[in-house]
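The values are calculated or read from the model by the stated rules, or taken from the named source; none is laboratory data. Model, not experiment: these values are computed from the prediction. All Cβ positions, glycine included, derive from the backbone under ideal geometry; neighbour counts span all protein chains shown.
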Amino acid sequence: MKRLLFPAIAGALAAMSGTALADTAVSAIADLNVRAGPGPQYPVIGVLTAGQSATLDGCIENSKWCTIAEAGGQGWIYSDYVTADFGGDRVVLTRRPADADITIVTPPADSDEYSDTYTGAIVAGEPIEPIRRLPAEVRTYVDTNRLDPVYLDGEVVTGATLPDSVELREIPDYDYRYVYVNGQPALVDPATRRIMYVVR
């Protein structure tokens, strides 16, 4: 997959709900998928790299999915993995104060086509240093031995933990297992079930 990076966008944004909101800059705390819609079934359209900033448009009410501005369009991110400044403190967007002035946005019309029934949830965890260099034979094995994906509530990032219900598959002569989760292959430590690497 070609890696797309999203620059921070300056200027006021018109929120989907019709109310203008002052720019809210968010920063990724791990390499984070940017999706075409608010859910793991939507395709990945880019990556917000750890430490990179973007401009928040707003979040769906009672959801962890939020939309950001990028290159003339919109992308969707999972709020467990971005921080913003609230009252001088950097706070994970999901844990923002109740009185935070974040615009409520409406999900896209086609979001009803995507299922909200998941077989479990990815447990957000502290980001970890990912594997620096994936051996070529491991990448080839994972690419040529594709699995049907499982869809879990949450997003695929290093450091997150998969539930016990997800079956991990062995890779010959390699310590980690793999699984296709939310449409992406991921390498997982079988002892901790933490995602160690997301194959992009």
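Only residues that are surrounded by fewer than 16 Cβ atoms within 10 Å (Cβ to Cβ) and farther than 16 Å from ARG132 by Cβ were counted in segment 167-200, giving 8. Closer than 20 Å to ARG200 by Cα, crowded, with 19+ Cβ neighbours inside 10 Å and charged (D, E, K, R): does that describe ARG35? For ARG35, the condition - closer than 20 Å to ARG200 by Cα, crowded, with 19+ Cβ neighbours inside 10 Å and charged (D, E, K, R) - is met. Between THR158, THR192, the distinction of being in a loop (DSSP other than H, G, I, E, B) and in contact with an Asp or Glu (Cβ under 8 Å, 6 or more places away or on another chain) belongs to THR158 only. Kindly check whether there is at least one residue in segment 176-186 that is under 19 Å from GLY120 (Cβ atoms), part of a loop (DSSP other than H, G, I, E, B) and charged (D, E, K, R). So far as segment 176-186 goes, no, none of its residues is under 19 Å from GLY120 (Cβ atoms), part of a loop (DSSP other than H, G, I, E, B) and charged (D, E, K, R).
Between ALA98, ALA160, the distinction of being touching a Lys or Arg at 6+ places or on another chain (Cβ under 8 Å), closer than 25 Å to ASN62 by Cβ, aliphatic (A, V, I, L, M) and free of Cβ contacts under 8 Å to residues at least 40 places away in the same chain belongs to ALA160 only. Listed by first and then second residue, the pairs with beta-carbon distance under 9 Å, at least 6 apart or on different chains, first residue in segment 120-138 and under 29 Å from LYS64 (Cβ atoms) and at pLDDT 80 or above, second assigned to a helix (DSSP H, G or I) and β-branched (Val, Ile, Thr), are ALA124/THR94; LEU134/VAL142.
Here's a check for you: in segment 70-84, which residue that is at pLDDT 85 or above and either polar (S, T, N, Q) or over 23 Å from ALA160 (Cα atoms) (or both) is surrounded by the fewest Cβ atoms within 10 Å (Cβ to Cβ)?
Taking segment 70-84 first, the residues at pLDDT 85 or above are 75-84.
Then drop every residue that is not either polar (S, T, N, Q) or over 23 Å from ALA160 (Cα atoms) (or both), which leaves 79, 83.
Working: SER79: 23, THR83: 20.
Only one residue fits best here, namely THR83.
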